[in-house]
């Protein structure tokens, strides 16, 4: 039955009802109801109605650096100093605002900014947006299934002798008395970080990182706990300087299975200027 098939591929009952009312369901080009029995070889077409504008996100005229775009996904390179989503203090200064402005300038029918992956304000690199509600649901499920792989590059102080390859397995929880800081805590949630040392610098190491869990500030907390805080990350023991006055953390690549083509795609964001300059200044 069509309804059962659609639910199996991640279409919720609520969204299916929305499509039935405002869109259409076609089997081999003909309108059909959800009770239709599907046969091998049938072509099912779902006509998804436009979502329109998202009233709570203010469009921004600031341009975006697009790494990948098709009819279903938009992947951008987030600069330093910009939040992923709006806040009460900054309602119009986030990547969601900039993407909304881009959609508006392009005249897209669906202008809701479906954020799939987020980054901290001062972390740079790859961010994924879904262009439609159903694609957003599919990619959220991919995150839960751990089939989206995000790799980071970080510059860490060499105050600890890091192995060439290692796993940091330590639970992370809230720091007592703070709503921002996190720490390694026996009462925290299981957290696992894998890393590879990529280069040895003067006073620091360049490491590539793969998160196996997604806790707040996980990379920053784990490396600080190891005795190798990120350069520039004064919240967790790192030291700022004239070149790097923020945590030296960059989401370098994103690998995923495309929800429509089922092909594996890897999108890479080049190192930001400040991290690249710091590395060049500290080459051995």
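Quick rundown of the values:
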item: Residue among 243, 179 that alone is in a loop (DSSP other than H, G, I, E, B), crowded, with 16+ Cβ neighbours inside 10 Å and over 22 Å from the mean Cα position of the chain (by Cα); result: 243
item: Qualifying residues in region 246-284 (those that are at pLDDT below 95 and farther than 23 Å from residue 134 by Cβ) - the one farthest from the chain's Cα centre (by Cα); result: 284
item: From 116, 135, residue being modelled with pLDDT of 95 or more and under 20 Å from residue 11 (Cβ atoms); result: 116
item: Count of residues meeting criterion [surrounded by 13 or more Cβ atoms within 10 Å (Cβ to Cβ) and in a loop (DSSP other than H, G, I, E, B)] in region 10-52; result: 13
item: Test result for residue 155, assigned by TED's automatic domain parsing to the domain that holds residue 197, outside any helix (DSSP H, G or I), farther than 25 Å from residue 267 by Cα and at pLDDT 95 or above; result: no
item: Region 199-209, residues that are part of a strand (DSSP E or B) and over 23 Å from the mean Cα position of the chain (by Cα); result: 199, 200, 201, 204, 205
item: Within region 72-93, tally of residues that are free of Cβ contacts under 8 Å to residues at least 24 places away in the same chain and either under 21 Å from residue 255 (Cα atoms) or surrounded by 17 or more Cβ atoms within 10 Å (Cβ to Cβ) (or both); result: 0
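Every residue, every condition in (1) within 16 Å of residue 218 (Cβ to Cβ); (2) assigned by TED's automatic domain parsing to the domain that holds residue 198; (3) in a strand (DSSP E or B), yes or no:
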site: 99; (1), (2), (3): no, no, no
site: 102; (1), (2), (3): no, no, no
site: 117; (1), (2), (3): yes, no, no
site: 120; (1), (2), (3): yes, no, no
site: 128; (1), (2), (3): no, no, yes
site: 135; (1), (2), (3): no, no, no
site: 140; (1), (2), (3): no, no, no
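The values are calculated or read from the model by the stated rules, or taken from the named source; none is laboratory data. Bear in mind that the values here come from a model prediction, so they are computed numbers and not experimental data. Neighbour counts are summed over all protein chains in view; Cβ atoms, including those assigned to glycine, are modelled from backbone coordinates with ideal geometry.
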